[in-house]
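Below is one structure, written out as C-alpha cells, with a few remarks after it.
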Amino acid sequence: MNKKEIPEELKERLEEFHVEIPQIPLKKNKLDQLADWICKPVKSPLEFLSIHEKSTIKLGLYPLFAIFILLLPTMFLI
Amino acid sequence: MNLNKAEQEEQYSLEELFVSYKTPIYLFIYRYCQEEQLSIDIVQDTFLRFHKYQHQFDARKSSIKTYLFRMAYQLMINRLNKRQRWKKLLPFLYQKEAQHESMSSIDKLTIQEAIKQLPEHQRAIILLTYYHDLSQKEIAKILEIPIGTVKSRLHASLKRLKELLEGTA
C-alpha cells in the first residue's frame, strides 16, 4: 500500500493537519546549549555499585563493610 | 558510481543539506510529537550529529534523505524515552497533560489528536507514507524494521486512524 491507495475520506482528514514552520537556525545559541547540558540526564552514580531496586541487602551491607574497614586500624592499636 | 570519501563530503555540504531537509524533517517530527521546541531541537541535533558522523554515511546503502530521517527519528525516540523515564520518576509533573488527554477524548477528535492517539509504532509509518510520500523500503530503512512489518503496521494504522476519527474506537 502507498499514498495513492489511502481512502479519499482519510486523505481529506490528513490534509487538515497544517503545520506552521518556525525559523530554525542551523546552530543552537550558547544559552540553548547550556540548557541542554543542564537538562541532559546523567548516568546514575549508584550504577557502579550495581545497586538497583532488588538489591536492598547490598545497601545494608555496604555501610557495615565500610565501618569494618574504618575499624581495622584501631584493632592494631589495641 | 562509487564516490570516495572526500567527494562524498564535498557533495553533502552541511548548509545545503540543512536548507533542503530542515523543513521535511521538522514536519515529520512535529506531526509525531506535536511540540514545537522539541521539534526544533531535534532538527538542529540531527544536522549537528550528521556533521559529526558524516564519514559513516554510505551512499550505496541509503539515500541522504533516508539517512537524515533515520537520524532524526532515533534522536526523537531517545528524547521521548528519556522523558518517559522522568515521567515515571516524577509523575506529579505530568498530571496536567494526562487531564488534557482525558478531556479531549470526550469531543470529536481532530486529525492532530487522532494521530497523537495512534500507537507510536504505527504513527511514524502513516506520517512517512502520507506526508513524505516515502516508499515502504525507505520507511523500513528509517525505522529499521522489515518491509513486511511496515506493510502490516500501515494497514493497522489506517484502520485505527479511521476508527478514531469516526469515534468508533
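Of all the listed residues (A:L77, A:L31), the sole one being open to solvent by 90 Å² or more (accessible area, probe 1.4 Å), at pLDDT below 80 and within 25 Å of B:Q34 (Cβ to Cβ) is A:L31.
Counting the residues of region B:13-36 that are under 16 Å from the mean Cα position of the chain (by Cα) and within 9 Å of chain A (Cβ to nearest Cβ) gives 7.
What helices (runs of 4 or more DSSP H) lie completely within region B:51-169 and have 2 or more residues being at pLDDT 90 or above, away from chain A (no Cβ under 14 Å) and open to solvent by 30 Å² or more (accessible area, probe 1.4 Å)? So that I can check it myself, show each step before the final result.
Details: elements: B:64-89, B:95-104, B:111-117, B:120-130, B:136-143, B:147-166.
Fully inside region B:51-169 and qualifying: B:64-89.
The values are calculated or read from the model by the stated rules, or taken from the named source; none is laboratory data. For clarity, every value in this text was computed on a predicted model and none was experimentally measured. Ideal geometry is used to build each Cβ from the backbone, glycine not excepted, and the neighbour counts take in all protein chains shown. In case anyone asks, the SASA skips ligands and DNA or RNA and just uses the protein heavy atoms, side chains included. Shrake-Rupley method; radii C 1.70, N 1.55, O 1.52, S 1.80 Å.
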